[in-house]
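The values are calculated or read from the model by the stated rules, or taken from the named source; none is laboratory data. These numbers were taken from a predicted model, which means no experiment stands behind them. Quick reminder, even Gly has a Cβ in these numbers, built from the backbone with ideal geometry, and neighbours come from all protein chains shown.
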Amino acid sequence: MDLIEEAFLDIHQGSFALFSIQIGKKRHPEDLAYYFKRYKDFHPVEKALLNAAQGKICDAAAGPGRIALYLQGKNHKVVCLDASLVMKLIGRERGCRHYETEDLLKEKEETPCFDTVTFFGNSLGFCRNAGDVAFVLKRLSRKLFPGGVLLLSVTNPLLFGLNRSRQLSFLQHYKGRTQKGAWFFATPALIRESLPDEMEEEALFYEKGLYGFLMRKKR
């Protein structure tokens, strides 16, 4: 279990200490409790995107399941995906009905079976480079029926002083321990360049440092 998984598990179990990210010499506290919030506390861009959710939904990189739990409450069938067994444990204990482990950076045969894919929380961050971004977007598009929508949120790289897409290394600090980490920040331009041919951008939202893409699979 890595430090961020341990922190998420602690939040779930009700005993959480300060988690921080160190970039250079400066530490930044991270509000990991946000990933357990209810809809009323979601970011405005996430709320705007969720208005387009329809039919059977795949919540990719679902984490503790905040998006899935909201959508289940709207009577959608939701399948959660995450590479982390810890996140799966938390999500299922919180009430996510269908939760599977899946690494989106690995090749997998896909059969379209969803009307919507949600991919929130700057989840492209686990990519290592532009090639990974294109690979993941292709994987997600293959999950969609023709006419289905991909709802994607990404953090503005400028918030971290980045004027281009790249991976940013950092140190994670939790309970007196330190662990190396890295997060990829993708610009809107890279995301557009990386879209597979069968997907097209339908709407773009931006507020408070977060971009939201609504993309639709061609019929």
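For the reader, a short list of remarks on this structure follows.
- Qualifying residue in segment 86-102 (condition: among the small types (Gly, Ala, Ser), touching a Phe, Trp or Tyr at 6+ places or on another chain (Cβ under 6 Å), modelled with pLDDT of 95 or more and more than 21 Å from residue 7 (Cβ to Cβ)): no
- Being in contact with a Leu (Cβ under 8 Å, 6 or more places away or on another chain) and surrounded by fewer than 17 Cβ atoms within 10 Å (Cβ to Cβ) is true of residue 23.
- Against the test of being in contact (Cβ under 8 Å) with a residue 12 or more places away in the chain, part of a helix (DSSP H, G or I) and either in contact with a Pro (Cβ under 8 Å, 6 or more places away or on another chain) or farther than 25 Å from residue 175 by Cα (or both), the options 4, 90 yield a single qualifying residue, 90.
- All strands (runs of 3 or more DSSP E) inside segment 9-87 with 1 or more residues being among the β-branched types (Val, Ile, Thr) and without any contact (Cβ under 8 Å) to a residue 60 or more places away in the chain: 78-82
- Single residue of 83, 61, 48 found to be at pLDDT 95 or above, out of contact with any Cys (no Cβ under 8 Å at 6 or more places or on another chain), within 19 Å of residue 124 (Cβ to Cβ) and surrounded by fewer than 17 Cβ atoms within 10 Å (Cβ to Cβ): 83
- Residue 131 satisfies every condition listed in (1) under 26 Å from residue 116 (Cα atoms); (2) within 17 Å of the chain's Cα centre (by Cα); (3) not acidic (Asp, Glu) except (2).
- Figure legend. Inter-residue proximity from segment 163-182: first residues of a type in the set (S, T, N, Q), second residues outside any strand (DSSP E or B) and surrounded by fewer than 15 Cβ atoms within 10 Å (Cβ to Cβ), beta-carbon distance below 9 Å, spacing 6+ or different chains. Indicated pairs: 165/129; 165/189; 167/128; 167/129; 172/2; 179/2.
- Qualifying positions in segment 117-157 - under 25 Å from residue 77 (Cα atoms) and either among the small types (Gly, Ala, Ser) or touching a His at 6+ places or on another chain (Cβ under 8 Å) (or both): 121, 123, 141, 147, 148, 153
- Residues of segment 111-145 satisfying the condition of being part of a loop (DSSP other than H, G, I, E, B) and either modelled with pLDDT of 95 or more or farther than 21 Å from residue 71 by Cβ (or both): 111, 112, 113, 120, 127, 128, 129, 143
- Every test in (1) modelled with pLDDT of 95 or more; (2) within 19 Å of residue 153 (Cα to Cα); (3) loosely packed, with under 14 Cβ neighbours inside 10 Å is passed by residue 78 save one, and that test is (3).
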